[in-house]
Amino acid sequence: MSARFSLVVATIASACVNIPPFAGGDAGGNGDGAIAMCDPATATTVSAQLDGTTQMVCGPHYTMRFSNDGFRYPSSFVVAGHELLAQGATCADESGLGIGLYPAGIIDGEVPVSPESVTSQKLEVELETPFVVRVGLTWQVGLGSCSGMFNGRTSFSFFKNGRIARMDEIVQTVGGVDASACLATCTTTSPSWRVTTFSSFANTGQTLAHGTVPATLGQSDGTIPNENCISTGQYHVGLGWSEDSGGKRLRRNAQSAMAFVYDLEQGTTIGAFDHLVRTTYVVSTAGCDEPTLAAYDSLSIQLNVGRPNMTPQTTIEPSRDGIYGGSPDAIEHGLPLMNDAVELSLRGGDPSVPAAWVAWLRYTDNYTGFTIKKNGIDLGAAAEFSIRSLDHHEVLFWFADPLAAGEKITIEPHP
């Protein structure tokens with residue numbers, strides 16, 4: 001299981017583009033895959049455009065496009081001008097980013113093959129600031145005689161430092177279902193169930209830090225670790241998972257493709273379940289920093305609220321995507337404050353918060369400005385804020401640097 005650590009929040013008294021065409025879906029925009037408001041080569045922020053024809057998020061050195069087909073999962077991930085995603089060889093193979101329900105079907109951005117069908121799907125921008133954008137996907141799949149079994153939700157949180165936190169929740173509501181009763185049209189045998197999350201990448205000109213792509217279609221290398229690095233001369237993409245209890249595989253899913261697969265369920269029959277797993281991608285032109293990737297993968301910070309040196313009065317569930325007080329599965333967003341000036345610090349013995357994190361706070365009044373300091377020194381450009389809703393007094397704060405033991409961040413609001 002992933003490590004857990006805690007962030008203490010204490011209240012204090014107030015003191016006074018142009019990219020090449022993508023592999024799947026519609027070109028959208030101006031027809032060449034570009035998004036008018038963002039050039040990833042020069043971008044320093046993240047932005048979203050989901051307008052019915054173009055479904056894209058743009059960040060520094062990358063764009064991710066959501067498909068118009070199937071369950072609307074990403075069909076293109078262009079990094080430094082290179083298309084990273086790839087299609088599988090058959091309808092039973094992984095394509096783009098998605099969820100495998102083998103042998104019944106696949107949740108991705110491709111048109112489903114009968115008897116699989118889209119019962120419902122929804123794609124929306126749930127949060128948009130200059131430093132973090134979150135896109136949510138909800139779905140329910142029809143599987144012929146096995147319809148009504150599976151539903152789920154996936155969120156992608158895009159941070160301006162190149163980190164993308166993907167959260168998959170997969171729910172199965174029926175127990176004791178045999179795999180042979182739920183075969184897809186393209187499945188010719190009766191294998192066991194294999195429920196997965198996956199990322200299908202192109203396997204041309206890439207260098208892998210770990211593992212080897214098998215030569216034979218359909219075979220897997222099960223020796224890969226939690227943190228992986230895919231590189232070319234122009235860019236590096238780290239990929240890791242939040243848990244280490246599932247099976248991790250590197251699978252040959254097409255002649256020029258490789259799928260990073262995380263196995264959640266296997267067996268001839270499956271029971272009811274509710275799985276939640278995080279996949280972290282980190283885009284970089286400087287190199288692949290596996291220790292930082294590992295820190296992101298183990299990210300589960302619990303937020304406590306109270307006065308300094310006193311027992312916390314309120315607890316916020318651990319962050320699942322690096323937005324503390326705003327996890328995608330939270331019922332209510334924004335850490336409620338009893339006093340409007342706050343102090344953020346680590347609880348004794350906890351690891352550091354890795355770089356590029358967000359605190360989502362809910363104030364008792366409306367404010368338009370904030371003084372943000374670490375250990376008494378103004379953070380300047382290393383901290384930013386975005387007012388989400390004046391009606392609900394919600395403000396998101398971005399911190400570019402880690403928060404280490406012994407450090408304190410104070411945020412004082414101004415009218």
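The values are calculated or read from the model by the stated rules, or taken from the named source; none is laboratory data. Since the structure is predicted, the reported quantities are computational estimates derived from the model, not experimental observations. All Cβ positions, glycine included, derive from the backbone under ideal geometry; neighbour counts span all protein chains shown.
Can you name the residue in the range 379-415 that is touching a strand residue (DSSP E or B) at 6+ places or on another chain (Cβ under 7 Å) and among the acidic types (D, E) and is also farthest from L344 (Cα to Cα) among such residues?
Restricting to residues being touching a strand residue (DSSP E or B) at 6+ places or on another chain (Cβ under 7 Å) and among the acidic types (D, E), the top hit is E394.
Kindly check whether there is at least one residue in the range 121-128 that is part of a strand (DSSP E or B), surrounded by 24 or more Cβ atoms within 10 Å (Cβ to Cβ) and out of contact with any Cys (no Cβ under 6 Å at 6 or more places or on another chain). Break it down stepwise before answering.
Here is the first cut: in the range 121-128, the residues part of a strand (DSSP E or B) are 121-128.
Okay, now just the ones that are also surrounded by 24 or more Cβ atoms within 10 Å (Cβ to Cβ), so none.
No; the residues of the range 121-128 include none that is part of a strand (DSSP E or B), surrounded by 24 or more Cβ atoms within 10 Å (Cβ to Cβ) and out of contact with any Cys (no Cβ under 6 Å at 6 or more places or on another chain).
Which residues, taken from the range 181-214, are outside any loop (DSSP other than H, G, I, E, B) and either closer than 28 Å to G162 by Cα or of a type outside the set (A, V, I, L, M, F, W, C) (or both)?
Here is the first cut: in the range 181-214, the ones outside any loop (DSSP other than H, G, I, E, B) are 181, 193-202, 207-208.
If the condition is that a residue be outside any loop (DSSP other than H, G, I, E, B) and either closer than 28 Å to G162 by Cα or of a type outside the set (A, V, I, L, M, F, W, C) (or both), then R194, T196, T197, F198, S199, S200, F201, A202, T207, L208 are the ones that fit.
Would you confirm, using the coordinates I've provided, whether T292 is modelled with pLDDT under 90, buried (at least 17 other Cβ atoms within 10 Å of the Cβ) and within 24 Å of A355 (Cα to Cα)? Walk me through it before giving the result.
On the way: modelled with pLDDT under 90: yes; buried (at least 17 other Cβ atoms within 10 Å of the Cβ): yes; within 24 Å of A355 (Cα to Cα): yes.
Answer is yes for this residue.
Do you know which of the residues in the range 359-392 that are of a type in the set (F, W, Y) and not in a loop (DSSP other than H, G, I, E, B) is surrounded by the most Cβ atoms within 10 Å (Cβ to Cβ)?
Quick first cut of the range 359-392, residues of a type in the set (F, W, Y) only: 360, 363, 367, 370, 385.
Keeping just the survivors that are not in a loop (DSSP other than H, G, I, E, B) gives 360, 370, 385.
Values: W360: 24, F370: 21, F385: 20.
Out of the qualifying residues, it is W360.
Among (1) buried (at least 21 other Cβ atoms within 10 Å of the Cβ); (2) modelled with pLDDT under 80, there is one condition T315 misses while meeting the rest; what is its number?
Failing condition for T315: (1).
Quick one: in the range 386-411, of everything that is modelled with pLDDT of 85 or more and within 21 Å of the chain's Cα centre (by Cα), which residue is farthest from E128 (Cα to Cα)?
P402
For the subset of the range 142-176 comprising residues that are within 13 Å of the chain's Cα centre (by Cα) and hydrophobic (A, V, I, L, M, F, W, C), which member is farthest from F198 (Cα to Cα)?
Restricting to residues being within 13 Å of the chain's Cα centre (by Cα) and hydrophobic (A, V, I, L, M, F, W, C), the top hit is F159.
Out of the strands (runs of 3 or more DSSP E) lying entirely within the range 215-262, which hold 2 or more residues that are out of contact with any Gly (no Cβ under 9 Å at 6 or more places or on another chain)?
Numbers: elements: 227-231, 236-241, 247-254.
Hits in the range 215-262: 236-241.
Got a sec? Which of T90, T138, T53 is modelled with pLDDT of 90 or more and either part of a strand (DSSP E or B) or surrounded by fewer than 20 Cβ atoms within 10 Å (Cβ to Cβ) (or both)?
Details: T90 fails: modelled with pLDDT of 90 or more; T53 fails: modelled with pLDDT of 90 or more.
Of T90, T138, T53, the one residue that is modelled with pLDDT of 90 or more and either part of a strand (DSSP E or B) or surrounded by fewer than 20 Cβ atoms within 10 Å (Cβ to Cβ) (or both) is T138.
For the range 54-105, what are the residues that are within 13 Å of S200 (Cβ to Cβ), among the β-branched types (V, I, T) and out of contact with any Asp or Glu (no Cβ under 7 Å at 6 or more places or on another chain)?
Result: T90, single match.
Is it the case, given these coordinates, that G334 is modelled with pLDDT of 75 or more, over 25 Å from A89 (Cβ atoms) and not hydroxyl-bearing (S, T, Y)?
Details: modelled with pLDDT of 75 or more: yes; over 25 Å from A89 (Cβ atoms): yes; not hydroxyl-bearing (S, T, Y): yes.
Yes: the conditions hold for G334.
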